[in-house]
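Asks: Please find one structure pasted underneath; my questions will follow.
Any read-out appearing in this document is the output of simple, stated calculations on the displayed coordinates, not a laboratory observation. Being a predicted model, the structure only gives us computed values, none of them experimental. Backbone-built Cβ (ideal geometry, glycine too); neighbour counts: all protein chains shown.
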Amino acid sequence: MRFAPLIPTGGTILDLAAGGGRNGRYLLQQGFGLVAVDHKTEALLDLAGRDDVEIIQADLEDGSPWPLGARQFDAVVVANYLHRPLFPAIVDAIAPGGLLIYETFALGNQAFGKPSNPDFLLKPGELLDAVAGRMRVLAYEDLIVDAPKPAAVQRICARRED
């Protein structure tokens, strides 16, 4: 919500690993178009048929090609999802002037519960490394949050300026 005003007005958002679409739904209410991608899309079916929504069912981790081809978006939003091999495709999917808004669990989350497997936890500075040399970092945090439940997270908001 904090970075939504920085997204180019009237743009289209990619909600990657959308789940139930919490972030995409919020951005739809702000007047953005939405492309929602997840391996299970049942929780998004109430959005089907809208002119400003595209729902794509795709397994992002099965080795299939990136399901969006060369498409680019005014913002890519990723929350509570980590599959490191997708970092280059995610950055490529951001149009010049567009934003990456990414938040997921970080090392240290083991103290709070799941996920606790290091394969699913960001290493210190890992989101910074993912955009280094390709995007301008507008904000970055690596911290412990209390809400909606205690967790160790990293967050980044970065703009593609090329």
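Asks: Do any GluC sites (Glu not before Pro) in segment 31-99 lie in a DSSP loop with no more than 12 other beta carbon atoms within 10 Å, and if so, which?
Replies: Values: sites: 42, 54, 61; in loops: 61.
Listed in order of number, the matching sites are 61.
Asks: Here is a further query. With no solvent and one equal point scatterer per Cα, compute the Debye intensity ratio I(q)/I(0) for the chain at 0.13, 0.21 Å⁻¹ and report its log10, rounded to two decimals.
Replies: -0.59, -1.53
Asks: Moving to a separate point now. What does the charge count near residue 83 come to, summing +1 for each Lys or Arg and -1 for each Asp or Glu among other residues with Cβ under 11 Å from its Cβ?
Replies: -3
Asks: Excluding residue 55 itself, calculate the net charge of residues whose Cβ lies under 14 Å from the Cβ of residue 55, where each Lys or Arg counts +1 and each Asp or Glu counts -1. Can you show the working numbers first?
Replies: Working: positive: 25, 40, 50; negative: 15, 38, 42, 46, 51, 52, 54.
That sum, taken over residues with Cβ under 14 Å, equals -4.
Asks: Okay, next question. I want the local charge near residue 12. Using Cβ-Cβ distances under 11 Å, sum +1 for each Lys or Arg and -1 for each Asp or Glu among the other residues. Can you show the working numbers first?
Replies: On the way: positive: 71; negative: 15, 52, 54, 74.
Every neighbour counted, the sum reads -3.
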